[in-house]
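The values are calculated or read from the model by the stated rules, or taken from the named source; none is laboratory data. Remember, it's a predicted structure, so these values are computed and weren't measured experimentally. For neighbour counting, all protein chains shown are included, and Cβ atoms are generated from backbone atoms with ideal geometry for every residue, glycine included. Side chains are part of the model used for accessible areas, which takes the heavy atoms of the whole protein and leaves out ligands, DNA and RNA. Shrake-Rupley method; radii C 1.70, N 1.55, O 1.52, S 1.80 Å.
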Amino acid sequence: MFSKYMSYTIVIVVSALLAVGLFTAGVSTWLVFTLLMVFTFAISMGYPFYIIYKSRNLKLIGRYLTNHKSKPIFGYAHALAHGTDEDVIHALNRILKSYANAEVQEVYKANLLFFKKDWRGLIEEAKTMKDPAYKHFYAGIGFAMTSNKEKASECLSKLGTPWMSHSLKAIIAVKRNEVSSFETESALATKHAVGMQRYVVHHMLKRMAEKLK
């Protein structure tokens, strides 16, 4: 929590210094307060947006998620990095109970089936997905883990999103016990993902790496 309070302190100190500088420069009071409001809004909204959707720094993303793990989706990502499989499953159930949005329900229900190792259930769930990318991605995982190489390869050929295709290749490598291939594809999957997606991909594949040890 220290880093969270430190962030607030830094914003306050910088805002105060900015105000002093503007007043010293002779800027009118109303304009000073307007600029301070814009600055504070940009920091309070823009910085979290950058971390969640654009950052490539896993440590920075991790600190943010730790400070906000009380929120269901952030709690899931935090559990991936620091919790047990049971913690992850609990976090996924919490998301499904908290958000009625159809896309959220589809993706996190699929993630739940993944962590429950219900591969046939995952294949069936993928069939109902509206987003073609997620449909082929999760179906590919299900087929790979049930040793249906032909179907898994077919799904892989339909993936155009780099982090998805490399993640699926890494998962296929896990099933085949191909350590070198897994390490290569895992690194590429993480490289092509950004923001919280990068963090989730990295730690999901890191968990799967345990299967190869």
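The table that follows gives values for the structure above.
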quantity: Heavy-atom SASA rank of Val32, Val179 (probe 1.4 Å, accessible area, largest first); calculated: Val179, Val32
quantity: Most to least packed among 114-122, 183-191 [average Cβ atoms within 10 Å]; calculated: 183-191, 114-122
quantity: Mean Kyte hydropathy of -0.5 or more with a Cα span along the axis of at least 24 Å, helices from DSSP in the chain; calculated: 2-24
quantity: List Glu154, Glu86, Glu210, ordered by accessible area with a 1.4 Å probe, largest first; calculated: Glu86, Glu210, Glu154
quantity: Surface accessible to a 1.4 Å probe, Val38 within the full protein complex, Å²; calculated: 90
quantity: Solvent-accessible heavy-atom area per residue, rounded to whole Å², over the chain at 1.4 Å; calculated: 57
quantity: Surface share of carbon and sulfur [accessible, 1.4 angstrom probe, percent] for segment 48-154; calculated: 53
quantity: Spin-label pair Phe115/Arg207, simplified geometry with 7 Å Cα→Cβ offset, distance in nm; calculated: 0.5
quantity: Theoretical FRET efficiency, 1/(1+(r/R0)^6), r = Cβ-Cβ of Met37 and Lys97, R0 35 Å, to 0.05; calculated: 0.45
quantity: Estimated distance in nm for a label pair at Trp30 and Glu183, the labels positioned 7 Å out from Cα along Cα-to-Cβ; calculated: 6.5
quantity: Theoretical ellipticity at 222 nm over the chain - DSSP helices of four or more residues, -39500 (n - 2.57) apiece, nearest 500; calculated: -25000 deg cm²/dmol
